[in-house]
Amino acid sequence: IEIYSLRVNCRVTSRFAHTVITSKIINRANESREATFEVELPKTAFITNFSMSIDGKLYPGIIKEKASAQKEYDAAVSQGQSAGLVKITGRKLEQFHVSVSIAAASKVTFELAYEELLKRQLGLFELLIKVRPQQLVKHFQIDVHIFEPQGIRFLETDSTFMTNELNEALTKVQNETKAHILFKPTVDQQKVNPELDETLLNGDFLVRYDVKQVATAGDIQIFNGYFVHYFAPQEMPVFPKNVIFVIDRSGSMAGRKIEQTREALLKILQDLRPEDRFSCITFNNKVVEWKSALLQATAENVASAAGFVRTITARGGTDINHALLTAVSVLDKAERLPERSVSMIILLTDGQPTSGESKVEVIQENIQKAVNGKYALFCLGFGFDVSYNFLEKMALSNGGIARRIYENADAALQLQGFYQEVATPILMKIEMQYPDNAVEGLTKNNFKLFFEGSEIIVSGKISNELDLLPVEIKAQSHTSDLTLKEEANIKEKEQVFQSRSYIFGNFIERLWAYLTIQQLLEKSISAQEEQQKALEARALELSLQYGFVTPLTSMVVTKPTGQQQAELANKPTEAG
């Protein structure tokens, strides 16, 4: 079985990335063989298309409602056939894997397409392409086109497998708003050494970039009746933080996990700003406070907390409820906190609540009542014994987010990386306002906090024949209340995307659908049952209308007669 061509084509238009992976395989044996297509794609992406073409006959994947697709194929699965084609393979990736039997001398072309909205983190957008052909490929190429009307401020490529030889196969061309990256190594350049038919191509190929921030009220882009508004202010004063670290030291944290936690915490303490206030709480079946109050992050206090962190050892049960309620009460009792400051609780745990209150529903209710919208709760789940569902629901119900920390060598870096994302809040209570009679289907437009290096994105449909789209942003900064205004000239904005070569289809409409589905699914996690059903129904409707494989849809992949008739590609979620 020879992969004679493997192409990754990617177009990024205004942060929205459309990637197509095409693999062409020939069976050089004189009997039928299994041809396999195995690629990894970012978890944040939605698959939009898959097809197999065998000796010219096309077998397209069909996207259906998950529940009904599952029912149809449960019959097949019960005969011992494999179920899903997609599984999570790591912190950022999931794997799509399909095999088909092809006759001697036959050819098959696999094609997979997926779309995602790139998210700005720590000042950069990252496009991740996983490369793992497992053999030398005669025609191999990665072709990336980026078009950012705001202008490209910074661009770099990075890879985990580059050599000097391979570097010669990489070209980058860039102007004010466009970039083209082509990586096209010959078979000789792909080899580990000239004698062996072993490939160097195994790992991540990354494109990182950032855009120019010009207008104060962000950047509005309009195409075919849909708009997207990007807002990423910079160089603003940072809010002081009141932060409480709540650290699990139950028995299951023993060994490497508690070491990595200590290591990360020591670094994070060093990163606190002098105007921040902080405290640390550790818990197993008992809750231990470093101090029973918030203290200023002076060099002396940070050193004292570091001493406390170094003594953390792991044993005993897990009383999450008591630990979090203690953290809330420290914030509640805190005196003389700066009026304009951001209060947050960061919980790190690796297990289920086993001591004290152990019913997750009761804990969720207790915490939500106690927090009462005043503080942001971030939940970090270490490893795979946590109930991620529980942590995610708790975080989303209390203005924060959840993240899984993978038990790898870099776990301490993952923890620090998460802290860096939330370390510099520069705006709060952000309202992105548009005229009611002019826009519909607006995505989320109120945000509690904005952290430096990230980006706010709002999208919607422009409903009537407007010439100008007025926007107004209201927010609080550390020093003042802001009101930013802007008017977008719709005709002028549409002109930007006239050169068709750089864009695909109605990309802003698809971006709007992608963002809306993501937000509906996120909202449904912390919603009551009735509302949850309504949110999921709307997300399902959009997933089917726009052809996205989301947690509510499945792609049915059919094969030639005589082979396992159908398989399902589902979207795995972090909560499993």
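If you check Asp332, Asp319, Asp271 for being surrounded by fewer than 17 Cβ atoms within 10 Å (Cβ to Cβ) and closer than 25 Å to Ser397 by Cβ, only one passes: Asp332. With assigned by the TED database to the domain that holds Gln134 and either closer than 25 Å to Lys429 by Cβ or free of Cβ contacts under 8 Å to residues at least 12 places away in the same chain (or both) as the only criterion, which of Val192, Val207, Val228 stands out? Going through Val192, Val207, Val228 in turn, the sole match is Val192. Within region 34-41, is there a residue that is of a type outside the set (S, T, N, Q) and surrounded by fewer than 17 Cβ atoms within 10 Å (Cβ to Cβ)? Yes, some residue in region 34-41 is of a type outside the set (S, T, N, Q) and surrounded by fewer than 17 Cβ atoms within 10 Å (Cβ to Cβ). If the condition is being under 28 Å from the mean Cα position of the chain (by Cα), among the acidic types (Asp, Glu) and assigned to a loop (DSSP other than H, G, I, E, B), then region 233-275 contributes only Glu235. Only a single item in (1) in contact (Cβ under 8 Å) with a residue 40 or more places away in the chain; (2) under 30 Å from Gln498 (Cβ atoms); (3) open to solvent by 50 Å² or more (accessible area, probe 1.4 Å) is not met by Val173, and it is number (1). Look at region 354-372: where a residue is of a type in the set (Gly, Ala, Ser) and a partner is crowded, with 17+ Cβ neighbours inside 10 Å and part of a helix (DSSP H, G or I), sitting 6+ places away or on another chain with Cβ atoms under 7 Å, you get Gly356/Asn321; Gly356/His322; Ala370/Leu325; Ala370/Val328.
Return yes or no: is His180 in a strand (DSSP E or B), open to solvent by 30 Å² or more (accessible area, probe 1.4 Å), closer than 19 Å to Ser14 by Cβ and touching a Cys at 6+ places or on another chain (Cβ under 9 Å)? For His180, the condition - in a strand (DSSP E or B), open to solvent by 30 Å² or more (accessible area, probe 1.4 Å), closer than 19 Å to Ser14 by Cβ and touching a Cys at 6+ places or on another chain (Cβ under 9 Å) - is not met. Scanning region 180-225 for residues that are of a type in the set (Phe, Trp, Tyr) and closer than 30 Å to Gln95 by Cα returns Phe183, Phe205, Tyr209. The selection criterion, being open to solvent by less than 60 Å² (accessible area, probe 1.4 Å), of a type outside the set (A, V, I, L, M, F, W, C), modelled with pLDDT under 95 and assigned to a helix (DSSP H, G or I), holds for Glu494.
Within region 291-309, track down each residue that is outside any helix (DSSP H, G or I), more than 14 Å from Ile268 (Cβ to Cβ) and open to solvent by less than 70 Å² (accessible area, probe 1.4 Å). Answer for region 291-309, where residues must be outside any helix (DSSP H, G or I), more than 14 Å from Ile268 (Cβ to Cβ) and open to solvent by less than 70 Å² (accessible area, probe 1.4 Å): Ala293, Leu294, Leu295, Gln296, Thr298. Within region 361-386, being open to solvent by less than 40 Å² (accessible area, probe 1.4 Å) and not in a loop (DSSP other than H, G, I, E, B) holds for Ile363, Gln364, Ile367, Ala370, Val371, Ala376, Leu377, Phe378, Cys379, Leu380, Gly381, Phe382. A single entry from Glu529, Glu567 fulfils the requirement of being of a type in the set (Asp, Glu) and surrounded by 15 or more Cβ atoms within 10 Å (Cβ to Cβ): Glu567. Residue pairs whose Cβ atoms lie under 6 Å apart, sitting 6 or more positions apart in sequence or on different chains, and linking a residue in region 470-481 that is closer than 14 Å to Pro425 by Cα to a partner that is hydrophobic (A, V, I, L, M, F, W, C), are Ala475/Leu427; Ala475/Ile430; Ala475/Leu482; Gln476/Met428; Ser477/Met236; Ser477/Leu427; His478/Phe239. Restricting Glu115, Glu165, Glu111 to residues that are surrounded by fewer than 18 Cβ atoms within 10 Å (Cβ to Cβ) and either assigned by the TED database to the domain that holds Lys57 or without any contact (Cβ under 8 Å) to a residue 12 or more places away in the chain (or both) narrows the list to Glu165. Going through (1) under 20 Å from the mean Cα position of the chain (by Cα); (2) in a helix (DSSP H, G or I) one by one, Gln545 falls short only on (1).
Kindly evaluate Ser53 against the criterion of being part of a strand (DSSP E or B), open to solvent by less than 20 Å² (accessible area, probe 1.4 Å) and among the hydroxyl-bearing types (Ser, Thr, Tyr). Here the answer is no, as Ser53 does not meet what is asked.
Among the residues here, Val137 does not qualify as of a type in the set (A, V, I, L, M) and either in a strand (DSSP E or B) or open to solvent by 20 Å² or more (accessible area, probe 1.4 Å) (or both). The C-beta contact set for region 532-557 (first residue in contact (Cβ under 8 Å) with a residue 40 or more places away in the chain and within 12 Å of Leu520 (Cβ to Cβ), second residue open to solvent by 30 Å² or more (accessible area, probe 1.4 Å) and of a type outside the set (A, V, I, L, M), distance under 6 angstrom, 6+ apart or interchain) comprises Pro551/Thr573; Leu552/Lys66.
The values are calculated or read from the model by the stated rules, or taken from the named source; none is laboratory data. Worth saying up front: this structure is predicted, and the values here are computed from it rather than measured. Quick reminder, even Gly has a Cβ in these numbers, built from the backbone with ideal geometry, and neighbours come from all protein chains shown. Heavy atoms of the whole protein, side chains included, go into the accessibility calculation; ligands, DNA and RNA do not. Shrake-Rupley method; radii C 1.70, N 1.55, O 1.52, S 1.80 Å.
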